[in-house]
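Shown next, in C-alpha cells, is the structure this report addresses.
The values are calculated or read from the model by the stated rules, or taken from the named source; none is laboratory data. In this text, all values refer to a predicted model and were calculated from it rather than measured experimentally. Cβ: placed from backbone, ideal geometry, glycine included. Neighbour counts: every protein chain shown. Quick note on the areas: whole protein, heavy atoms, side chains included, nothing else; ligands and nucleic acids left out. Shrake-Rupley method; radii C 1.70, N 1.55, O 1.52, S 1.80 Å.
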Amino acid sequence: MHAASRPRERDCIVTTSERLDAATGLGAHMERELTSQPGLWQRAIEQSRAESLLPADGARIALVGCGTSWFKAQAYAVARETAGRGVTDAFAASEALIDGRGYDAVVAITRSGTTTEVLELLRRIDPAIPTVAIVGDTSSPITTLAGSVVELPYADERSVVQTRFATTALAYLLTSVGIDLSAAVEDARAAVSEETPRELLDAAPGRVTWVFGEAPEGLDADVAATGATYRADGGHPLATLARVHKTTLDRARARGLDPDAPPQRNLTRSVILEPGRA
C-alpha cells in the first residue's frame, strides 16, 4: 500500500458513541424506559406517601411474585422486617404457602397482571384474607381478583426486559417503610445519562462483577484473580441498578442485538401457562 492511500489513524478508531449510534434503533423501548427511572421513582415515592393501600404496620403478610417480581418481594420483606413493621415472608407464587399460616394479608407483585401462577394463587387462597396487587397494566385480570390495587401504569413497559417497573415498584415499597430514597433519585439521574465506559462494552473474558452497596474487604482482588472486570461505583444500590440497565443495553447494541426482541423462543413479558401443557 502506498503511503498516500493509507487511512488516517483517526479513521481506524470507532468510538463508543459511534458504535452505539450505529445501533440506535436497537432496544429503543428499553432505552426510553430505563432512562425514565429517576422521575418515576420520585412519582412513586409521592404516591406511596399519599396512599394507605399496603397492610398496616404489625400485620403478618405474605408477598408473592414470579421472576423479578419475586426478587422485589424478597427485598421488601427484608426492608419491612428490618424497619420493625411486622413479619414479612416472600414466596415464588408457584411455591407459596399461605393458607393456615396466620397471614393477615397477601401482597402480589406483577408487572403484567397476567402471570398464571399469581392469578391462580389469588383465586385459591382463603377469600377472608385481604389481598393487594401491585401492577403496571391496570387493565389486566389481576385488578378484578385483588381486594386493593396499587396502580403503577406510568411504570409499565413495552420492552421484554424489565427495568423501570421493577425499580419503581421497589421505590414505592421501600418508601412505605420509611426509607428515604432522595439520594437514589439523584444518583440515578447521573447513572442513566453517563456514557458507558468502553471497558464495560468489551469486558474480557466477557464477565463483569458489579457490587451493590458496600463491598466485602478483598472482593476486588478475588474478582481480579478470575479475570473478570470489577465495578463498585459507591452510589445508591438502586442507582447502581439503573447504571447496570444502561450498560446491558449498550453491550447488546455493541453486538448488534435487540433487547426489545430477544432471540430466545417463547420469551415474553409474562409467563402464561396453557392448560394441559407441561
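See the values below:
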| item | result |
| --- | --- |
| Out of 77, 108, sole residue that is touching a strand residue (DSSP E or B) at 6+ places or on another chain (Cβ under 7 Å) and surrounded by 22 or more Cβ atoms within 10 Å (Cβ to Cβ) | 108 |
| Qualifying residue in segment 76-88 (condition: part of a loop (DSSP other than H, G, I, E, B), within 30 Å of residue 246 (Cβ to Cβ) and either within 21 Å of the chain's Cα centre (by Cα) or modelled with pLDDT under 95 (or both)) | no |
| Residue, farthest from residue 180 (Cα to Cα), within segment 208-260, restricted to residues that are in contact with a Gly (Cβ under 7 Å, 6 or more places away or on another chain) and assigned to a loop (DSSP other than H, G, I, E, B) | 258 |
| Condition met for residue 248 (under 17 Å from the mean Cα position of the chain (by Cα), at pLDDT 90 or above, open to solvent by 50 Å² or more (accessible area, probe 1.4 Å) and hydroxyl-bearing (Ser, Thr, Tyr)) | yes |
| All positions within segment 44-66 that are under 23 Å from residue 93 (Cβ atoms), surrounded by fewer than 19 Cβ atoms within 10 Å (Cβ to Cβ) and in contact with a Lys or Arg (Cβ under 9 Å, 6 or more places away or on another chain) | 59, 60 |
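So that you can scan it fast, the table gives a plain yes or no per residue for (1) on the phi > 0 side of the Ramachandran plot; (2) under 18 Å from the mean Cα position of the chain (by Cα):
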residue	(1), (2)
98	no, no
101	no, no
113	yes, yes
125	no, no
141	no, no
153	no, yes
